[in-house]
Amino acid sequence: MSEHLHIAEGGKTEKYDLLYRQAREVVANEVDTIANMANLAAMIHQTFGFWWTGFYRVVGEELLLGPFQGPMACTRIACGRGVCGTAWQRGETIVVEDVEQFPGHIACSAMSRSEIVVPIFAGGKIVAVLDIDSEHLATFDATDKEWLERIVALFAR
Ligand code: SME
């Protein structure tokens, strides 16, 4: 790995480390989940400059759009549909390097090129997903998965 890449990767981990500690403070100081989702979406979005960062909450049989940063998005996603509905159905994080290669990807924005969706567990079931879109290919990797899973685990308390 070149020195340049090594520095860039280190920067990502440092940003997530700080973000995690800030997120822990936010969640410790406020019990309302929607308010915390609003601040977490803003913090993640501002830290990395992603295209779209937000939450979909499980409401009845669907995912319903929650707090987010970025352009307007589709409001309701069925279980098993798109990256979000698939992450919900499988109960695991999905990293998509190229959204055009993901069958059934829901294109809320033509600018989105890569995506990560992280399920949020509380009381043993999925209550929401965190969805992040990038306008660049292959933005998300195992580092993003690991840290974003740690951040959303703060909701499970
Ligand atoms: N692309 C997502 C839909 C949500 S928007 O990206 C905000 C999906 O395929 O589930």
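With every protein chain present, what is the per residue accessible area of the chain (1.4 Å probe, Å²)?
Numbers: 8270 Å² over 157 residues.
Heavy-atom accessible area per residue stands at 53 Å².
Are there DSSP H segments in the chain that both extend 27 Å or more along their axis (alpha-carbon positions) and score a mean Kyte-Doolittle hydropathy of at least -1.0? List them, or say none.
On the way: long enough: 3-29 (40 Å, -0.82).
Going by DSSP H runs, the hits are 3-29.
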Volume in Å³ per residue [convex hull over Cα atoms, computed for region 103-157]: 96 Å³
Relative contact order [Cα under 8 Å, 6+ residues apart], the chain, whole percent: 21 percent
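First compute the accessible area of the chain with a 1.4 Å probe, then give the percent of it belonging to carbon and sulfur atoms. Show your work: numbers first, answer last.
Numbers: 4320 of 8270 Å².
Ligands and nucleic acids excluded, carbon and sulfur give 52 percent.
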Within the chain, helix-based [θ] at 222 nm, where runs of 4 or more DSSP H residues each add -39,500 (n - 2.57), nearest 500: -13500 deg cm²/dmol
Lysines whose Cα lies under 27 Å from that of Lys125, excluding same-chain neighbours fewer than 8 positions away: Lys145
Dipole axis of region 2-157 (+1 Lys, Arg; -1 Asp, Glu on Cβ), positive-most option in Ile151, Met111, Asn36: Asn36
Kirkwood-type radius of the chain, with distances r between different C-alpha atoms, in Å: 15.7 Å
Extension gain, Ala122 back to Ala142 (0.36 nm per residue minus Cα-Cα distance, nm): 4.9 nm
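The values are calculated or read from the model by the stated rules, or taken from the named source; none is laboratory data. Bear in mind that the values here come from a model prediction, so they are computed numbers and not experimental data. Note that each Cβ is placed from the backbone with ideal geometry, even for glycine, and that neighbours are counted across all protein chains shown. Only protein heavy atoms, including side chains, enter the accessible area calculation; ligands, DNA and RNA are left aside. Shrake-Rupley method; radii C 1.70, N 1.55, O 1.52, S 1.80 Å.
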